[in-house]
Amino acid sequence: MHKLFNRLFCLPPPCFLGYRAPETGGNMLQLIRYCFNILHRLHIYFKKQPNFDTQMFLYIPFFCSYSLTMKFYAVARGRRTGIFTSWPDAERQVKGFAGARFKSFKTKQEALAFLEDPSYTNSASSTKNIGFAPPKKKSGHRQPADYEYPENAVMVYTDGGAIGNPGPGGYGVVFETGESFSGGFNLTTNNRMELLAVIVALEALEGETRPICLHSDSRYVVNGITKNWAKAWKRRGWKKSDGTPAMNPDLWQRLLDLLPDLDIRFIWVKGHAGNPLNEACDHLANSTARMPGLPDDTGYLKSRKNSA
């Protein structure tokens, strides 16, 4: 046994075998070569011993293939931050977490550099960016896959709907912190509940100085603000470009009045696509719409009376 220890401890240091430490520019391939050299020496030694089983060294290719494909997943923003060596572990920290920032690397040093500065990228590296993004639509407008969330932003999701449209309706608001709001009416519309969800969210954030990222699955709401439809309707006396009345002027006015004092970004997300916070909003809206004793939506009843 003492001979074995002598052989192990008398091995030359890695640098003499072509391997350099990562901080001096070494890489995984050089480390594998070094390991092969050690295993080769051990193989020569054990072959001379009685009862030696050559099959033990058949596991070497598996060891090498694992080492060559091993990745380090750096999570700069998520439920837990740090470096993970398993994608399922890293995925649990970022899946459904709005504004998650993470990336895979071939070396731990690159992963550490990313954690220190999430904008870090190594142009000489072949690492692949696996940034989290909402599901893509085949056509129409969609959120860019590389959407950059502001630092320290308030994340909020909203949803609303009416059973039968018009019919009993409800809305839901869920903040990333877990705070939520909901409400409903005995007779209303999908669009009114989508609008009211956004209004309730922003009223709760009145006076907020941080950036706000509001996520909604309503094109009507998001485009109404980002494409300035609502402002144009208001300029024309709440009429569309074809002269027909713009619907829900009472709620659009409330929403427009909230915007000047807030730093807000409206972000469209696909509904019923597995986003936990969007699904939570949908659950609140639907469960509220089915509650007994809901109040009247006076704004909707007034609009129906005027159009009759």
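The values are calculated or read from the model by the stated rules, or taken from the named source; none is laboratory data. Quantities reported herein were computed from a predicted structural model and do not represent experimental measurements. As a convention, Cβ positions derive from the backbone with ideal geometry for all residues, glycine included, and neighbour counts pool all protein chains shown. In case anyone asks, the SASA skips ligands and DNA or RNA and just uses the protein heavy atoms, side chains included. Shrake-Rupley method; radii C 1.70, N 1.55, O 1.52, S 1.80 Å.
When the surface is traced with a 1.4 Å probe over the full set of protein chains, Ser218 keeps roughly 10 Å² accessible. Separation of segment 164-234 from segment 279-304 is 13 Å, based on Cα centroids. Using heavy atoms of the protein chains and a probe of 1.4 Å, the accessible area assigned to Lys240 is about 80 Å².
Sequence-distant contacts, meaning Cα pairs under 8 Å at least 6 residues apart, place the relative contact order of segment 192-308 at 34 percent. Remark: accessible surface ordering of Leu187, Leu112 (largest first) is Leu112, Leu187, probe radius 1.4 Å.
DSSP finds beta bridges in segment 154-274, and of those with both partners inside it, around 60 percent are antiparallel.
At the residue level, Glu148 shows approximately 120 square angstrom of accessible surface with a 1.4 angstrom probe and all protein chains present. Overall, the accessible surface of segment 161-258 at a probe of 1.4 angstrom is composed of carbon and sulfur to the extent of 51 percent.
Probing with 1.4 Å while keeping every protein chain in the model, the per residue accessible area of segment 237-283 equals 53 Å².
Pairs over the 22 Å Cα-Cα cut-off, from the set Lys227/Lys270; Lys239/Lys305; Lys239/Lys302; Lys234/Lys302; Lys239/Lys270; Lys106/Lys270: Lys239/Lys270; Lys106/Lys270. The local environment of Ala153, defined by Cβ-Cβ distances under 14 Å, has a net charge of -1 under the rule Lys, Arg +1 and Asp, Glu -1. Between Arg265 and Trp238, the FRET efficiency from the beta-carbon distance, with R0 = 25 Å, is close to 0.45.
Modelled label positions at Thr226 and Thr298, each set 7 Å beyond Cα in the direction of Cβ, lie 3.4 nm from each other. The stretch between Leu256 and Phe175 holds 27.1 nm of extra length on full extension. This uses 0.36 nm per residue minus the Cα-Cα distance.
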